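The values are calculated or read from the model by the stated rules, or taken from the named source; none is laboratory data. Being a predicted model, the structure only gives us computed values, none of them experimental.
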Amino acid sequence: MSTDARTTPTDTTPTDTTPAAVADRADRGDVPGWVLVTVMTAGIVVALGGVAVPALTGMFEQAIAAVALP
């Protein structure tokens, strides 16, 4: 059976059944989902940084003051 630009083949089963080809088809992923995960992770890092930076700065300054020469 031949096809041209106006018709579609009736059998859409992939012919390449090598393990790499099968894994490639199965691992297409959900791009919007991964973008959402990445953006949410970045948001969590920024939010934790907003809380942690002042606390870490205070701890660092207190430690330096404790070992500073009088």
Task: Residues that are more than 29 Å from the chain's Cα centre (by Cα) and hydroxyl-bearing (Ser, Thr, Tyr), drawn from segment 31-68 - done: 57
- [ ] Among the residues of segment 20-40, write down those that are assigned to a helix (DSSP H, G or I) and at pLDDT below 75.
- [x] 20, 21, 22, 23, 24, 25, 26
